[in-house]
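The structure appears right after this line, and notes come after that.
The values are calculated or read from the model by the stated rules, or taken from the named source; none is laboratory data. Note that this is a predicted model, so its numbers are computed, not measured. A quick note on method: Cβ atoms are made from the backbone with ideal geometry, for glycine too, and the neighbour counts reach across all protein chains shown. Accessible surface is based on the protein model in full, side chains and every heavy atom, while ligands, DNA and RNA are left aside. Shrake-Rupley method; radii C 1.70, N 1.55, O 1.52, S 1.80 Å.
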Amino acid sequence: AVAMAAVRDVEIDPEGTFKYILVRLQRPGGEERRDIVRGTKAAEFHNHIFEKVNPEMEKLGYECKCLGGGKIDHNSKDKKIRVFGLSTGYGKADHSVTVEILKKVYTDYEITWSDDKK
C-alpha cells in the first residue's frame, strides 16, 4: 500500500470557480486518517468528483468518506482562493478545514472562506 503522505493534499483546477469535496482517507481498520481536497470544473455534480477519487484511493488501499463539499473560486493571477457554498448531496464541508489544507499547498496565497452560497 502507498504511504498516506504520498497522496497529494490538494488537486484542484488552476483557475476558475468549481465544485470541490473534502475527503477523509482511512486505512481499513487503521487509526491513521487524513483529509484531502479535490475539485474540478469537469464535475457537474459533487458526486462526480467522489466517483473519480474513490476508486483511485481504493486501489492505494484506503477507504474514502466524503465529509461534504462546496465551491472554490481560484484566481491564480491575484493568488487568491475563496471557499464557499455547499453540496446538495453531501452537505457543507467544514470550509475552515479545507482552507488549512489549501494553505499547505498554496503557501503564498490569500485564502478565505464564507458560508455564502455564491
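A few remarks follow.
- Positive minus negative residues near residue 46 (Lys, Arg vs Asp, Glu; Cβ under 12 Å): +3
- Cβ-Cβ distance of residue 41 and residue 8, R₀ of 25 Å, FRET efficiency by 1/(1 + (r/R0)^6): the value works out to about 0.85.
- For the stretch 4-114, a simple Cβ point-charge model (Lys and Arg +1, Asp and Glu -1, everything else neutral) yields a dipole of about 80 debye relative to the Cα centre.
- Area accessible to solvent at residue 8, 1.4 Å probe radius, in Å²: 150 Å²
- Backbone N under 13 Å from the residue 24 label point (7 Å along Cα→Cβ), restricted to the stretch 34-65: 34-36, 63-65
- For the stretch 106-111, putting each phi into the Karplus relation 6.51 cos²θ - 1.76 cosθ + 1.60 with θ = phi - 60° gives couplings of 9, 5, 9, 9, 8, 10 Hz, in residue order, rounded to whole numbers and with x for Gly and Pro.
- Proximal charge balance of residue 20 [Cβ under 9 Å; K/R count +1, D/E count -1]: +3
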